[in-house]
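The values are calculated or read from the model by the stated rules, or taken from the named source; none is laboratory data. Computed from a prediction, not measured in an experiment: that's the story for all the values here. As a convention, Cβ positions derive from the backbone with ideal geometry for all residues, glycine included, and neighbour counts pool all protein chains shown. Just so you know, the surface numbers come from the protein's heavy atoms only, side chains and all, with ligands and any DNA or RNA stripped out. Shrake-Rupley method; radii C 1.70, N 1.55, O 1.52, S 1.80 Å.
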Amino acid sequence: MEKKRSNFSSKLGFVLAAAGSAVGLGNLWRFPYLAAKYGGGIFLLVYLVLAITFGFALMITEVAIGRKTRLSAIGAFKKLDKKFGFIGIVASLVPVIIVPYYCIIGGWVTKYLGVFLTGGAKAASADDYFTGFITKPGEPLIWFVVFLLLTAGVVLVGVQKGIEKASKIIMPCLLVLTIGITVYGLFQPGAMDGVLYYLKPDFSRLSGTTVLAAMGQLFYSMSLAMGIMITYGSYMQTEDHLESSVRQIEIFDTVIAFLAGLMIIPAVFAFSGGDAAALGKGPSLMFVTLPKVFDSMAFGNVIGAVFFIMVLFAALTSAISLLETVVSIIHDKWGIERRKGTVIITLLIMLVGAPISLGFGVLDFIAPLGMSLLDFFDFISNSILMPIVAFLTCIFVGFVMKPKIITDEVEKNGKFKAKGYYSVIIKFIAPVCLIAILVFSILEALGMIVV
Ligand code: PFF
């Protein structure tokens, strides 16, 4: 039986739903730590350049493929050309790899919400608090499961719509609170050095690693190169203007990431000295820096709790869209009914997530390529699989289907202002850069080049 594919009722509906998936831990947690680690201003600059070139071209492509075929990634590529159905399968692997570790970070956020709710700002501001927490065997696992069950519960009970509605109010509040915390941080002694570090590009730190990290982050943050935007596009109305919708989502996502960086990086200078060790904290940066900021504020416990509850919402909406994607993949592929699929996937996430969580403590001797298990999963999805998917998509659209198939779709309702620009990027610039970056990243991971 052919079911009618439901559409978003308005352009705003599409933009908000896609932005809800896009804005999440990628913006608030991942972007600031990468920017801090990879040279501040230079990372920001590279990220922005990639966003208006690759990010723009790829998001247009994915949304257009979805709207044209009215199918999710696996079906969509197959429908366009049977021989290239495999691109959809590779793309679908990405959310499968991301979702377990995404829920682990979601668990950390939930834990910190609990800490601030119980008046723990002072304790959480200590340097070794976070490390003490993640190296424990039991506690991070429990919070991981709490976050996962919350996500799965929403999907099982079918209250995603309610969560999305709430997040339409919560997201703007998060934006306002982030701006408030940023302004507070900027007035702390030493913060201006951090602003300079974050905004002024230091070209001596430009390297392949910086570009690779920025590119992986771009895909991750905008939910690209993993089939998600194809799915969102498949629900988009033909009457809506595709180009301007894509621009809005990208601007929104980038502004949030930029602000998160401006909130966290100057704070690292004001509260932790801003030296290389403090900046290179990696995944723990947000959890180490922000508690120090909150602890120094009047009503720090309340502000911290409000902040983390909002971050939790942002993380939840993204995790829900990840889980739903994985459930619909196994539904489309093997016909597994959705509720059953949700239970199966939730159990699998627990199985895969547990060792990743323990990878910071009892299992820290497992260090593939010298990375923690979480970093390793992150690396495989963001630095290997996503560039591969993006490369294949560009080649497929640029040379097999030809860009006209996308530009015609975009032009179904108005002019495609950046049409010429789009075609050049998708055919030439993007594939060449992607392959260069991919080769570089593999060589680097194998230790064949040192940067
Ligand atoms: N874009 C999300 C973030 O920045 O947190 C991560 C993400 C969410 C990726 C949902 C994929 C997805 F389906």
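Can you list residue pairs whose Cβ atoms sit under 6 Å apart, with the first residue in the range 409-420 being of a type in the set (Gly, Ala, Ser) and the second being surrounded by 13 or more Cβ atoms within 10 Å (Cβ to Cβ)? Count only pairs 6 or more apart in sequence or on different chains.
From residues that are of a type in the set (Gly, Ala, Ser), the pairs are Gly414/His241.
Out of (1) within 23 Å of Pro283 (Cα to Cα); (2) among the aliphatic types (A, V, I, L, M); (3) open to solvent by less than 10 Å² (accessible area, probe 1.4 Å), the odd one out for Ala445 is which?
Exception for Ala445: condition (3).
Among the numbered conditions (1) away from the ligand (no atom under 13 Å from the Cβ); (2) open to solvent by less than 40 Å² (accessible area, probe 1.4 Å); (3) within 18 Å of Ile65 (Cβ to Cβ), tell me where Ile228 comes up short.
(1)
Within the set of pairs 6+ apart or on separate chains, which have a first residue in the range 140-166 that is closer than 16 Å to Gly107 by Cβ, a second that is basic (Lys, Arg), and C-beta atoms under 8 Å apart?
Note: pairs meeting the criteria are Pro140/Lys111; Trp143/Lys111.
Do you know which of the residues in the range 363-378 that are modelled with pLDDT under 90 and not in a loop (DSSP other than H, G, I, E, B) is least open to solvent (accessible area, probe 1.4 Å)?
Pro368
Kindly indicate which of Leu290, Leu218, Leu285, Leu206 is aliphatic (A, V, I, L, M), within 15 Å of Gly180 (Cα to Cα) and either out of contact with any Cys (no Cβ under 9 Å at 6 or more places or on another chain) or within 16 Å of the ligand (Cβ to nearest atom) (or both).
Of the residues listed, the single one that is aliphatic (A, V, I, L, M), within 15 Å of Gly180 (Cα to Cα) and either out of contact with any Cys (no Cβ under 9 Å at 6 or more places or on another chain) or within 16 Å of the ligand (Cβ to nearest atom) (or both) is Leu290.
Would you mind finding the one in Leu206, Leu212, Leu174 that is open to solvent by 30 Å² or more (accessible area, probe 1.4 Å) and either more than 27 Å from Gly304 (Cα to Cα) or touching a residue at least 40 places away in the same chain (Cβ under 8 Å) (or both)?
Selected residue: Leu206, the only one of Leu206, Leu212, Leu174 that is open to solvent by 30 Å² or more (accessible area, probe 1.4 Å) and either more than 27 Å from Gly304 (Cα to Cα) or touching a residue at least 40 places away in the same chain (Cβ under 8 Å) (or both).
Give just the number: which of (1) under 29 Å from Leu50 (Cβ atoms); (2) in a helix (DSSP H, G or I) does Cys173 not satisfy?
All conditions pass for Cys173, except number (1).
For the range 231-245, what are the residues that are away from the ligand (no atom under 15 Å from the Cβ), assigned to a loop (DSSP other than H, G, I, E, B) and open to solvent by 10 Å² or more (accessible area, probe 1.4 Å)?
Gln237, Thr238, Glu239, Asp240, His241
Out of Ala277, Ala260, Ala267, which single residue is out of contact with any helix residue (DSSP H, G or I) (no Cβ under 8 Å at 6 or more places or on another chain) and assigned to a helix (DSSP H, G or I)?
Sole residue among the options that is out of contact with any helix residue (DSSP H, G or I) (no Cβ under 8 Å at 6 or more places or on another chain) and assigned to a helix (DSSP H, G or I): Ala277.
Please tell me if Thr61 is within 25 Å of Leu392 (Cα to Cα), in contact with a Ser or Thr (Cβ under 8 Å, 6 or more places away or on another chain) and away from the ligand (no atom under 16 Å from the Cβ).
Considered against the rule, which asks whether it is within 25 Å of Leu392 (Cα to Cα), in contact with a Ser or Thr (Cβ under 8 Å, 6 or more places away or on another chain) and away from the ligand (no atom under 16 Å from the Cβ), Thr61 comes out as yes.
Test of understanding: among Thr131, Thr151, which residue is over 20 Å from the mean Cα position of the chain (by Cα) and either farther than 30 Å from Arg339 by Cβ or within 15 Å of the ligand (Cβ to nearest atom) (or both)?
Thr131
Considering Phe8, Phe31, Phe77, which residue is under 28 Å from Ile170 (Cα atoms) and either at pLDDT below 90 or more than 16 Å from the ligand (Cβ to nearest atom) (or both)?
Answer to the check: Phe8.
Against the definition (farther than 30 Å from Gly447 by Cα, open to solvent by less than 60 Å² (accessible area, probe 1.4 Å) and in contact with a helix residue (DSSP H, G or I) (Cβ under 7 Å, 6 or more places away or on another chain)), how does Ser296 come out, yes or no?
For Ser296, the condition - farther than 30 Å from Gly447 by Cα, open to solvent by less than 60 Å² (accessible area, probe 1.4 Å) and in contact with a helix residue (DSSP H, G or I) (Cβ under 7 Å, 6 or more places away or on another chain) - is not met.
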